[in-house]
Structures are given as C-alpha cells and as structure tokens.
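All of the numbers you see were taken from the coordinates with simple rules; none came from a lab. Here the structure is a predicted model, which means the values were calculated and not measured. Cβ placement follows ideal geometry from the backbone for every residue including glycine, while neighbour counts extend to all protein chains displayed.
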Amino acid sequence: MLGLGTIGTSFITPEFIDAALKSERYQLVRVYSRHADSAQELAAKYNNAAITTDLEELFHDDRVDVVYVASPNSLHFEQAKAALLAGKHVIIEKPVVQSEAELKELLDIANEKGKVVVEAARHVFEPNFQAVKQKLSEHDSKPWGATLSYAKYSSRIDDFFAGKTPNIFTKKFAGGALNDLGIYLVYAAVAWFGAPDRATYVPQHLGNGIDGSGMMALTYPTFNVYLHVAKDYTTYDPAEIYFGKETWRINHIQMIDETAEIINKDGSSESLGLDEVTSGTMDDEAQAFATFIEQAGDPAVQKQYAEFHNLMIKVIRVMDELRTQS
C-alpha cells in the first residue's frame, strides 16, 4: 500500500484523499499545511493522520511514498522538485507547472530517480472520456469543428468582489480562469484532436488584471476548436463536436455520461453509446496513478505512462502559448 502525504488543504485535497482511500491502494500518512490548525482540521477527518508545517519533514518521512501537491499554482514546481529529489513519487494538481521548461526538469529528475510524476488531469482517465477518444479515431471523417465549455461561478469569486485576495484570483499564485479551468478544456482538445497548429486566447479581465473568463481558439489544418472558460459565471452548454451532417452532443468534458448523443441533420438522435457514470470524480485517476507506481515494470503500463507524459508535454506547450495572451 502506498503511503500518501498531501500538500494543501483546499476542497480538492480531501476529494483526492477520499478517492485514494476508496481505491484501497493508498494509506494517508501525513498532511502538510503552512498553518497547523488547517492541517489538523483536515487530518481530523481521517483518523487524525499525522500533520506537519515543515515541508522537509514531509519529504523525509520514510512512510511517505507519494506526495500529492495541491498548493497554489505558482508553488507546484519547487515543491514537486523537492519531493522528487527526496525520492518521492509526485502527483501534482493541474496546472502541473507554469512552463514546458519546468515540466521538462521535473520529468528529467523523475526519470533519474526512477519515480513517477503526473499531472492530476482527472478526466483524462475516465472511461467515457477515453471512449469518446476511441470513437473519434474510428469515425469515417475528421471533425469539422468543436465547441467545448467549462464555465463555473467560483466559490471564491464573492470574496474577490468583496476586496479580498483569494489565491486563485491573484497573479502572484498563477490564478485565473485559464490556469484553473481552461486546462481541462485544453486537455480534452489535445487528447481528442491532437496538438493544434496555433492557439489564441481572448481573456476578459477582472479588476486586478486576472482573467475571470475568456475564449480560446485552437487552429487545426482543416477545422477549429473553440474553448469557452469562466470562473465568474456559469454556463450549462454541453460540449459539441461537429461532422457536418451530424453533431455529437456531450454533457461535459469530464464526468461524461450516457446522455451523450449523436444528433443528425434531420433532428433525429441516437445514443453515442457511453456508459452510466458510477465512479467518483477522482476515482479513476487515483487508480491509474497507483498502477503507474506499483506496476512500473509492466510494458503495457510503461506505454500508458509514456503516452500520458507525451500528452502532458503537448498540453503545456499549448498552455504556454495561451498564457502569453492572458
């Protein structure tokens, strides 16, 4: 069983811990926070797991095999690097880091140390996400275009409007809509359609210059993919993929369910043939990451791990291009 240590105490951390424990492949060993009370509050939910306010203590705890990094975005690189150098496997919440150069350095260290490092792009490992990818590869024509949306009114935006400075809405901590939710859309587009020739971003800025929402356009040789992201309002638009005479209508780019359908030009529709969602939001990635670590010698697992790294690299190249426009 993998000894798990965590960095960060926001809502996402207990979600991952729950998925990890549900898999029965991890054991929570230690919780880190800069503030002891925050660490204790989280640890109390899990039989009072050990806490620390010292990162070095976390990294050098022999019981910790893997570190889950869910700190503010701008801290990911240095914390993940330190964990890898200390001989830990690392799972990093998205966005993994802020540049391809940083990602390459982490991958090089992980390779040298024989450790696993992954970005927690949860939806990529969901069976229905992979099923859409497979169906696209089997379709008798390339798409004519697509529109993917992820716009959700943030639980922290009211604090921002009240004059506070939540980490997710500050440039200091690399916040904003693109980094927080936009990366889900970029992962979906690159996984389903490949790397684009060009990526553009038209952001809508909040008062402090951070992007609260925006529209991205990914340009391919014969079609465009438009990505709609926001943290200051919510959209209920589904994802759509266009083939001229038919449109694939999908409820979302994550937790895709059996309501996904093909709508024909005459208005008739049929099921896309996906399964009902039965797992939790992070269950599939927790299982996948444990497999990467525990079955690293299996050629099939090595292939899947290498393919995910290639996807990570393609995604961060697109993100680098978009960030210059944010």
Counting only residues 5 or more apart in sequence or on a different chain, those whose built amide H sits under 5 Å from that of Gln27 are Leu2, Gly3, Leu4
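Filter the cross-link list Lys88/Lys172; Lys88/Lys171; Lys94/Lys172 down to pairs whose alpha-carbon distance in this structure exceeds 25 Å. Don't skip to the answer; put the middle values down first.
On the way: Lys88/Lys172 27 Å; Lys88/Lys171 29 Å; Lys94/Lys172 16 Å.
Over 25 Å apart, Cα to Cα: Lys88/Lys172; Lys88/Lys171.
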Using helices alone, I'd like the mean residue ellipticity at 222 nm for the chain: each DSSP H run of four-plus residues gives -39500 (n - 2.57), total over residue count, nearest 500.
-10500 deg cm²/dmol
Taking a point 7 angstrom from the Cα of Lys113 along the C-beta vector, which residues in segment 274-291 have backbone N less than 13 Å away?
none
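Is segment 1-84 best put as rounded, prolate or oblate by its Cα gyration tensor, with a ≥ b ≥ c the root eigenvalues, rounded for a/c under 1.5, and otherwise prolate when a/b is larger than b/c, oblate when not? Provide the component values of the computation, followed by the final result.
Numbers: a/c = 1.34, a/b = 1.17, b/c = 1.14.
Here segment 1-84 falls in the rounded category.
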Sequence-distant residues sharing a close amide H with Asp257 (under 5 Å, placed H):
Asn251, His252
Among beta bridges assigned by DSSP with both residues in the chain, the antiparallel ones amount in percent, to the nearest 5, to 50 percent
Nearest 10 degrees, 0 to 90: helix 283-294 Cα axis against the chain principal axis
60 degrees
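As an exercise, use a Förster radius of 41 Å and the Cβ-Cβ distance of Ser269 and Glu78 to find the FRET efficiency, rounded to the nearest 0.05. If you can, show how the numbers build up before the last one.
On the way: r = 50 Å, r/R0 = 1.21.
Working from the Cβ atoms, E equals 0.25.
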Efficiency of FRET from Cβ geometry, Tyr46 and Gln295, R₀ 22 Å, rounded to 0.05:
0.25
Top mean-square fluctuation among Val29, Val229, Val66, Gaussian network model of the chain, C-alpha springs under 10 Å?
Val29
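What percent do you get for the relative contact order of the chain when only Cα pairs under 8 Å and 6+ apart count?
Details: 633 pairs, mean separation 56.0, N = 326.
Here the relative contact order equals 17 percent.
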